[in-house]
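Shown next, in structure tokens, is the structure this report addresses.
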């Protein structure tokens, strides 16, 4: 017997769908209907400047003088005390779970790294959330100045699922290692590749895709390419503007 779920955002379409909403993602999600979103695709700030190492620590540059993230994001210095960052991200995930349908899933992209000589695998963030699988995003490598560990060449996507989530037909054959290059020529300091977002979207049957950290708009562009509705949340007015411009360019390209 097929389960009947709340229709995704039917009563709120004009207010929410296919728009970027500028503001803090948690209060915005708290205003959204519960159990109304089929898929969330997002990549939060990684808090990379809160570092035990020599790279981007304290914004001094060091060997990463030209790194785009050296000054943080437009609305964040990406340097929260670790325990505060973990609590913030857990609060974000809890808000995402509240708006997720019983058959929905979150694709939560994050980065593992070495801190104080040990792996920081983000287990403290996703603990007790229903992580069903970890997808490896194999991207191009950079430069590793630390002789204590190998050059990192991947990030992870935690697939966090409600109990009734199922992949789209044949998506289960895709495998759990995705080889996709980073995106360049993007004004955002840490852009989420459209191809990566599109692969997440295509692997579900959700009709509405939410991104609580919309950034430069990659998830919206991916959703429209797949014929889905989307909702973007972004605290930075500058990034909202960048995202709107990129979405407009993508729409013009699709119409050609």
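Rounded, prolate or oblate: which one fits the range 133-240, using the alpha carbon gyration tensor with axes a ≥ b ≥ c (rounded when a/c is under 1.5, else prolate when a/b beats b/c, else oblate)? Oblate is the answer for the range 133-240, as a/c is 1.5 or above yet b/c matches or exceeds a/b. Count the DSSP beta bridges whose two residues both fall in the range 19-255, then state the antiparallel fraction as a percent rounded to the nearest 5. Looking only at bridges with both residues in the range 19-255, the antiparallel portion is about 50 percent. Suppose a student asked you for the relative contact order of the range 19-255, using Cα pairs under 8 Å spaced at least 6 residues apart; what percent would you report? Worked out over the range 19-255, it gives 25 percent.
Throughout, read-outs are computed from the coordinates displayed, never taken from laboratory work. Predicted model, so just to flag it, every value in this text is computed and none were measured.
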